[in-house]
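**Q** Got a structure for you, questions after.
Readers should treat all values here as calculations from the given coordinates under stated rules, not as data from a laboratory. Here the structure is a predicted model, which means the values were calculated and not measured. Neighbour counts run over all protein chains shown; Cβ positions are idealised from the backbone, glycine included.
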Amino acid sequence: MSALIVGGDRVNTYRNFLLAQGFGSVLHWPGRNGSECHRTIPTGTRLVVILVDQVNHGFATRMRKAADKLDLPIVFSRRSIGQLDQAISRLKGTTGAHLALQ
């Protein structure tokens, strides 16, 4: 079971947090390159985390649509471990959910 973090440059804290939550591997796409908009979500991904303050709106929308097609849960969060922890906690009881934290 793996997770994909979209956005941000320094995500080691978030990667370590997701690994501690039981994700076997955590991939990261910074979202700075235009070619990343056309990448496909890797097979085996079980969660997509979009750091909303670190990625442009168009890329976030494309990632949401791609995750919807694969019926993957998405967490929209600012760069905050506390918010990510809350979203993961809420997500554990649901499937195919989109969680946005303010």
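Per-residue answers, yes or no, for (1) more than 12 Å from the chain's Cα centre (by Cα); (2) surrounded by fewer than 20 Cβ atoms within 10 Å (Cβ to Cβ):
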site: 41; (1), (2): no, yes
site: 44; (1), (2): yes, yes
site: 48; (1), (2): no, no
site: 52; (1), (2): no, yes
site: 75; (1), (2): no, no
site: 81; (1), (2): yes, yes
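**Q** So is residue 13 free of Cβ contacts under 8 Å to residues at least 24 places away in the same chain and among the β-branched types (Val, Ile, Thr) or not?
**A** Working: free of Cβ contacts under 8 Å to residues at least 24 places away in the same chain: no; among the β-branched types (Val, Ile, Thr): yes.
No: the conditions fail for residue 13.
**Q** Do we have residue 58 as out of contact with any helix residue (DSSP H, G or I) (no Cβ under 6 Å at 6 or more places or on another chain), at positive phi, small (Gly, Ala, Ser) and surrounded by fewer than 13 Cβ atoms within 10 Å (Cβ to Cβ) here?
**A** Against the criterion (out of contact with any helix residue (DSSP H, G or I) (no Cβ under 6 Å at 6 or more places or on another chain), at positive phi, small (Gly, Ala, Ser) and surrounded by fewer than 13 Cβ atoms within 10 Å (Cβ to Cβ)), residue 58 does not qualify.
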